[in-house]
Structures are given as structure tokens and as C-alpha cells.
């Protein structure tokens, strides 16, 4: 699947605990867990011996043990134990290549760029500060870009969400955009909500809907493969500060957001073609958030190709 010089959200920090869990991302399956220090570990979820799923195994002394023949692999993917021949050298090929990951803002991120060299930090926003949140997730039969574009699109609201928050909303809209490196903000102009509501896109796959000073929605769109994604939705609030009731209200808000998701899902899943790069959509001025995001994607892919070409050239000269 796609690559660019960026960090992508691939999981929520809440999902990763001390037991192995499998996540399919970018067309490959990974096993994730937390080590004794609380750090997130990620390895390919296939034993190189006979292809068994490591996520079905157990953690033994900090290593993950294959459920099929008991081979063990440490946090760096090195095989440390082969029970059937413990006195023989471990084959060089008996290893796993871990992806580069990090944890920030309650998300687990995966690097989808060239190995080596300097790394930018994962994108973040001042809007993350001081909120209590509840969280849900759901899988969509759609490319992650199609799902993300539905969330940044103001003009679909009066139609797709006409029975909920889009009721009586005027479909004629003036949308203002503010761009910054790796992000943009958009708001409706000339409407009452202009004073408190805007959306922020953190490239490549995080969206924030600031609905007011005390409430906002944050979503991340983790690519499963070319035809599916997992969408995480966080309902964030800071109008209730008592810990237990604040968390309960946030969890309720996240649960109630399933209705909104249900309105989008069948329409987005039916869009063709699924891969945005293959589309010939006739975009309008009112699609400014979508065109801005697609421009960011084109620039990201171009930068990745140039970086890869430079690395290849340096390798051939060495």
C-alpha cells in the first residue's frame, strides 16, 4: 500500500495492553503488545518458520512465543529460542523485521517512509489539551481516504445527515481554509457557528471537529488495506471536571456518535472507484477541503518518490 514520509495512526493506545493483539494495517498483519516498561512493541504477525500467527501465542520472559512450535522472538524481532533444536545455531533468516512505531497523544503511530535519516514528529495539535474522552472504533468497507474525506466535507451534511445534525442546514456554503505545514483548518463563513466551530486536519489521517470550547470530536482513520479501514472516534469534553462523571459522559458521547457514523457508512462504502488516485471526480469550489487534502497527498507521494530515488542513487554510488 501507499508510502510517504509520514507517521500514520494505526491503533489507539487504549487497545494495546500486556497481551498480544493483532492489527491488520497497510495490507499486512502485525502483533502488538506492551512490554514490562509499558512501551508498545510491534512485529509482523507471522512466524518465519511456518507462517503461524504470533498473536495467537503468549509472552514468555518478554519474548513472544509462536503457538505452533514454540519459537520465541524478542522485541526487536530476533529469534532467541528454537525448542526442537536448542543446541544448534539459529538460522540468520529466522528473524522478523519490525516496523518503526511510536506513541503520542493516545495514538500508536507507524512510520511509512524511507528507513534511516531524520524523522519528523507525529502531527499534533493544541486542541488535544485538557480533554477527557470516550472512544469507539468501527471497520469500514472503504479506502481510508474516502472515509476521511466524508468527515472534512461540509456540503454533504444537509443531505446525508438531514435526520440528525444537518436538519434545516442551508446547502449553500462559503468555506474558508487556513493552511499550515502538514495541516489545515476550515470553517463556515457568515454563519452563527463561525464563532466556535471549525475542523482541523492533521495529515495524513487525523481529523478534529471543534464544536466549541468545551466539546470536540477527534477521529483517526487507520488503513487496513486498499478496501477497508478502521475508524476511531473520540468524544472529548471538559465541561464536567469530576473524574468519574466526566469520563462517563465522554463514553456516552462516543457511543451516541455511532448514529452519525451509521448515516455516512453506506454512502461512503458505495463510492466508486474506492481508490481516490483512480477517480476522475468533478470537484467544485465547495469541495475546497477535499481538494486541499488531495493536494497534500500528491505532494507527500512526490516527496517520497524523490527521497527513494535519492536513496537509490546514493546506494548505487557507494
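Worth a mention:
- Scanning segment 237-268 for residues that are at pLDDT 95 or above and in contact with a helix residue (DSSP H, G or I) (Cβ under 7 Å, 6 or more places away or on another chain) yields 237, 263, 264, 267, 268.
- Yes/no for residue 138 being surrounded by fewer than 20 Cβ atoms within 10 Å (Cβ to Cβ), at pLDDT 95 or above and within 25 Å of residue 302 (Cα to Cα): no
- Candidate set from segment 11-22 (those that are in contact (Cβ under 8 Å) with a residue 40 or more places away in the chain and within 22 Å of residue 51 (Cβ to Cβ)); member that is nearest to the chain's Cα centre (by Cα): 20
- Entirely in segment 1-78, the strands (runs of 3 or more DSSP E) that have 1 or more residues that are more than 30 Å from residue 201 (Cα to Cα): 58-60, 63-65
- Of all residues making up segment 162-218, the number that are assigned to a strand (DSSP E or B) and over 22 Å from residue 237 (Cα atoms): 9
- Residue 84 more than 22 Å from residue 302 (Cα to Cα), outside any strand (DSSP E or B), modelled with pLDDT of 95 or more and outside the structural domain of residue 219 (by TED's automatic domain parsing): yes
- Filtering segment 232-281 to residues that are within 21 Å of the chain's Cα centre (by Cα) and either assigned to a loop (DSSP other than H, G, I, E, B) or outside the structural domain of residue 160 (by TED's automatic domain parsing) (or both) leaves 257, 271, 274, 275.
The values are calculated or read from the model by the stated rules, or taken from the named source; none is laboratory data. Being a predicted model, the structure only gives us computed values, none of them experimental. Note that each Cβ is placed from the backbone with ideal geometry, even for glycine, and that neighbours are counted across all protein chains shown.
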